[in-house]
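Q: Sharing a structure here in structure tokens format.
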Amino acid sequence: MAKQKLHDPGNKNSVVNFGAGWVVIIYCLLMFFLYVGMCNDGANITAPNVANRLGVENGTIMNMNSLAGLVGVVFFIIVGQINRKIGARLTSGICCIVSGIAYMLACNASSVAIYTVAMCFVYGGIMSAGYVAGGTLVATWFPKKKGVVMGYTTMGHNLASAFYVQLVAILIAPMVAGTENIGSNFSSGIIPIGVAAIVLGILGMIFIRNTPQERGLNPDNVSDEVYRNEYDTSDEVEGDGGWTTGKLLATKELWLAAITTGFFQICSVGVMSQLVIRNTQLGFTQQEAMNVMTILALGGVVGSWLIGIIDDKIGTKKTMVGFGIWYAVALLCNFGAADRSSPLVYISLFMIAMGIGGSANFTTSLPASIFGRHGFDKVNSVIFPIQGAVTALCFLVNGAVQLMTGGQIKMAYLVFAGVALVNVLLVLIVNEHRFNRDWKAAHPGK
């Protein structure tokens, strides 16, 4: 028996053998793809076309998108409670369907007011599907492999950055001859995206399960022996794990997890949302800057996976410390570059590419490390709205710095580098496994 245990680790070390868990991983990846496409990168093509059709300035539509993102925080709170009541399977499915319908309404809106209301449901729906419900699925299905699994799922972010705008352009192309005449025909070309979100939600409600046990599997797809010996099996995962909202809000680790993951999101989202402009300031043409964005996004697919592997190998806390230093160096290199001929430009772009997906990995990985899977839906219902509110500060930082410096994006990059380094200090005081019962079961006495 001892020899069998030596040579058969019960699948606990595999980063590819997830069995039916791959359905959950791909589902979350697709939700992230739609989130980035509908809410972030897709605005490069949707915002100007909606503005043109409604006869308003592009900035007006972008401001409405920002407002919708802030309203999304309220959605996170509400959906977090719904997620606890009906489970992640139904919650994610319903949210995908709502976001798909709202996206089609937004792109067919007859007024700015209707567009804004519809986009509130787009932001709140698809982000809640991916982060609130999807985060619960990842923590429940993959409590000890959540690092590499988040690496897989956040590939959806990078794939959307690389291909979403091109996909929409292809869908629009048959509708009109020439992009200058897109006008009202744009709304017809965007409908397949909304339908895809609806279909994904329906498929999710049919095929996704809230726990691996419902598919006859153990968490992380480990063997029965490993599950008995190295996981907390004293009770079911369902329930709040003994947590109340008050207890969570009074817990230091909840605030540290929300703030540190939110700060890294500030750095990542803030940098990527202004990268094209920064590259043009360095001397790239507009098209070259867009091409660089695509290349970086594809590099981020590899980076997401690598950061996930490192996360599971050395722990989330150490990975976040390394990530913060890496990202700060990348931004300082970019800040120090005078023009595109500087080697610092290409060093920084490579480092940024490898780190793009990392910040999104941590939004679920760190809370799951600290609190474990028991009652995670309750934990996530409290922590994610705080994360979202912190992340939204990136737009405030970008706007304030540009106003003070006359549009010099590199000054915002310097601020973000400082945020990353300060965040490293905050991460160092995190008690990584304080409430994680599965970790404690595998490390008795610690």
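The values are calculated or read from the model by the stated rules, or taken from the named source; none is laboratory data. The structure displayed is predicted, hence computed values, not measured ones. Quick reminder, even Gly has a Cβ in these numbers, built from the backbone with ideal geometry, and neighbours come from all protein chains shown. Areas reflect the complete protein model, heavy atoms only, side chains present, ligands, DNA and RNA absent. Shrake-Rupley method; radii C 1.70, N 1.55, O 1.52, S 1.80 Å.
Q: Can you tell me the dipole magnitude for the chain around its Cα centre, using point charges on the Cβ only (Lys, Arg +1; Asp, Glu -1), in Debye to the nearest 20?
A: Charge dipole of the chain: 660 debye, to the nearest 20.
Q: Summing Lys, Arg as +1 and Asp, Glu as -1, what charge do residues with Cβ under 15 Å from the Cβ of residue 335 carry, residue 335 excluded? Each step should come with its number before you reach the end.
A: Details: positive: 278, 340, 410; negative: 339.
With Lys, Arg at +1 and Asp, Glu at -1, the neighbours total +2.
Q: Another question, then. Roughly how many nanometres apart are two label points built 7 Å out from the Cα toward the Cβ at residue 44 and residue 422?
A: 3.0 nm
Q: Probe radius 1.4 Å, ligands and nucleic acids left out: which of 285, 316 has the largest accessible area, and how do the rest follow?
A: 285, 316
Q: Could you tell me what % of all Cα pairs in the stretch 190-308 have separations over 24 Å?
A: Counting pairs separated by more than 24 Å, the tail of P(r) holds 65 percent.
Q: Run the simple label-point estimate for residue 389 and residue 14 please: 7 Å along Cα→C-beta, distance reported in nm.
A: Label-label distance for residue 389 and residue 14, simple model: 4.3 nm.
Q: I would also like to ask the following. Express the Stokes-Einstein translational diffusion coefficient of the stretch 104-159 in µm² s⁻¹, to the nearest whole number, given a Kirkwood radius over alpha-carbon pairs, 37 °C and a viscosity of 0.692 mPa s.
A: Stokes-Einstein gives a translational diffusion coefficient of 252 µm²/s.
Q: What accessible area per residue, rounded to a whole number of Å², is obtained for the chain using a probe radius of 1.4 Å?
A: Computed with neighbouring chains in place, this is 40 Å² per residue.
Q: Choose one answer from 58, 436, 423: the residue with the largest mean-square fluctuation in a GNM of the chain with alpha-carbon springs under 10 Å.
A: Checking each option, the largest mean-square fluctuation is seen for 58.
Q: Greater than 19 Å separation of Cα atoms is the criterion. Which listed pairs, 85/145; 85/252; 144/317; 252/317; 317/378; 146/247, meet it?
A: In this structure, 85/145; 85/252; 317/378; 146/247 lie more than 19 Å apart at Cα.
Q: In the full protein assembly as shown, how much of residue 159 is accessible to a 1.4 Å probe, in Å² to the nearest 10?
A: Number for this one is 50 Å².
Q: Considering only C-alpha atoms, what is the centroid distance from the stretch 269-317 to the stretch 13-69, in Å?
A: Measuring centre to centre over Cα atoms gives 16 Å.
Q: So what is the relative contact order for the chain, in percent, with contacts set as C-alpha pairs under 8 Å and at least six apart?
A: Relative contact order of the chain: 23 percent.
Q: Follow-up question, since we're still on this one. Using a 1.4 Å probe on the protein heavy atoms only, what accessible surface does residue 325 show? Give it in Å² to the nearest 10.
A: Counting only protein heavy atoms, the figure is 80 Å².
Q: If I model a spin label as a point 7 Å beyond the Cα along the Cα-Cβ vector, how far apart are those points for residue 60 and residue 203 in nm?
A: It is 3.8 nm.
Q: Next question, about the same structure. Distance from a point 7 Å along Cα→Cβ of residue 291 to each backbone N in the stretch 335-377: keep the residues under 19 Å and list them by number.
A: Within reach of a label on residue 291: 339-343, 345-350, 353.
Q: Which of the listed residues, 193, 204, 354, is farthest toward the dipole's positive end in the chain, when Lys, Arg count +1 and Asp, Glu count -1 at the beta-carbon?
A: Going by the charge dipole, the pick is 354.
Q: What is the stretch 340-446 by shape, rounded, prolate or oblate, if you read a ≥ b ≥ c off the alpha carbon gyration tensor as root eigenvalues and call it rounded for a/c under 1.5, prolate for a/b larger than b/c, and oblate otherwise? Could you put the intermediate results ahead of the total?
A: Values: a/c = 2.97, a/b = 1.97, b/c = 1.51.
Prolate shape, in that a/c is at least 1.5 and a/b is the bigger ratio.
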